[in-house]
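*Asks:* Please find one structure pasted underneath; my questions will follow.
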Amino acid sequence: MDQRRKSSLAAGLVLILLGIWFIAVRFVPALQAWQIERFTWPVVVIGVGAAMLFLGLLSGSPHMARPAFVIAGIGGLLYWQNTTGNWDSWKYVWTLIPGFVGLGLIVHGLLGRDTRRRVLRGVRSILVSALLFLIFGSLFGELELFGPYWPILVIGVGVYMLVRALIPRSA
């Protein structure tokens, strides 16, 4: 089966499942009450990311994992912020987005070709994201993990970049 037919098949399946869900919610009062209680608007964003990943898996398009993880990850952040009311956290939580890309790269690598390179790039992206999260979270006073010593993280990143630039790469 060619790629176009696989994609159409996957999209059709997702639409059928969504239709069944909407019918069930409409005619089962307990399910409707559960949905109203649990499904806030960020859950829709998470669902779009999950649907993209599902479509990518069904259609044999592992590259769909990257945008799927970014969308679902941002949906997760929005869910947390909507639940806690901590909208000011955007000052530093945006630094998690490269980590979502890294997760997508890892899944893409595991399901597609060039596994080793994609997984390594994904892990590197997650590490950079975590480091940025620690730096910006500490900078804006939200994370007390390092206290007043958070600039040591910045110095550490600078040292790493200098050493990496000075050491020749093997061909």
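*Asks:* Just name the residue that is modelled with the highest pLDDT out of those in the range 19-51 that are within 22 Å of the chain's Cα centre (by Cα) and farther than 22 Å from ARG66 by Cβ.
*Replies:* Filtering the range 19-51 for residues that are within 22 Å of the chain's Cα centre (by Cα) and farther than 22 Å from ARG66 by Cβ, the one modelled with the highest pLDDT comes out as TRP41.
*Asks:* Could you list, in sequence order, all residues of the range 74-97 that are touching a helix residue (DSSP H, G or I) at 6+ places or on another chain (Cβ under 8 Å) and among the small types (Gly, Ala, Ser)?
*Replies:* Residues satisfying the conditions are GLY75, GLY76, SER89.
*Asks:* Here is a follow-up. Give me a count of the residues in the range 80-124 that are farther than 24 Å from VAL45 by Cα and surrounded by fewer than 18 Cβ atoms within 10 Å (Cβ to Cβ).
*Replies:* 12
*Asks:* Tell me, yes or no, whether the range 23-41 has at least one residue that is touching a residue at least 12 places away in the same chain (Cβ under 8 Å) and not in a helix (DSSP H, G or I). Walk me through it before giving the result.
*Replies:* At the first step, the residues of the range 23-41 found to be touching a residue at least 12 places away in the same chain (Cβ under 8 Å) are 40-41.
Of the ones still in play, those that are also not in a helix (DSSP H, G or I) are 40.
Looking for residues that are touching a residue at least 12 places away in the same chain (Cβ under 8 Å) and not in a helix (DSSP H, G or I), one finds at least one in the range 23-41, hence yes.
*Asks:* Kindly establish whether LEU13 is part of a helix (DSSP H, G or I), touching a residue at least 40 places away in the same chain (Cβ under 8 Å) and at negative phi.
*Replies:* Yes; evaluated as a whole, the condition is true for this residue.
*Asks:* Is it the case that some residue within the range 43-51 is in a helix (DSSP H, G or I) and out of contact with any helix residue (DSSP H, G or I) (no Cβ under 7 Å at 6 or more places or on another chain)? Show your work before the answer.
*Replies:* Within the range 43-51, the subset in a helix (DSSP H, G or I) is 43-51.
Narrowing the set further to residues that are out of contact with any helix residue (DSSP H, G or I) (no Cβ under 7 Å at 6 or more places or on another chain) leaves 44, 47.
The answer is yes; a qualifying residue exists.
*Asks:* Can you say whether PRO62 is within 15 Å of LEU103 (Cα to Cα) and more than 12 Å from the chain's Cα centre (by Cα), as far as the supplied structure shows?
*Replies:* yes
*Asks:* Let me ask something else about it. Just checking, which of PRO29, PRO42 is crowded, with 16+ Cβ neighbours inside 10 Å and either within 21 Å of PHE133 (Cβ to Cβ) or of a type outside the set (Ser, Thr, Tyr) (or both)?
*Replies:* One residue alone meets the criteria, PRO42.
*Asks:* Select from the range 111-169 the residues that are farther than 21 Å from ASP88 by Cβ, assigned to a helix (DSSP H, G or I) and β-branched (Val, Ile, Thr) and list them in ascending order.
*Replies:* THR115, VAL119, VAL123, ILE126, VAL128, ILE152, VAL154, ILE155, VAL157, VAL159, VAL163
*Asks:* Given the conditions (1) β-branched (Val, Ile, Thr); (2) in contact with a helix residue (DSSP H, G or I) (Cβ under 6 Å, 6 or more places away or on another chain); (3) surrounded by fewer than 19 Cβ atoms within 10 Å (Cβ to Cβ), and given that ILE71 satisfies all but one, which numbered condition is not satisfied?
*Replies:* Going through (1) β-branched (Val, Ile, Thr); (2) in contact with a helix residue (DSSP H, G or I) (Cβ under 6 Å, 6 or more places away or on another chain); (3) surrounded by fewer than 19 Cβ atoms within 10 Å (Cβ to Cβ) one by one, ILE71 breaks only (3).
*Asks:* With respect to PHE54, determine if the residue is assigned to a helix (DSSP H, G or I), closer than 22 Å to VAL14 by Cβ, among the aromatic types (Phe, Trp, Tyr) and modelled with pLDDT under 90.
*Replies:* So PHE54 passes the test.
The values are calculated or read from the model by the stated rules, or taken from the named source; none is laboratory data. Here the structure is a predicted model, which is why all the values come from computation and not from measurement. No Cβ is skipped: glycine too gets one built from the backbone with ideal geometry, and neighbour counts run over all protein chains shown.
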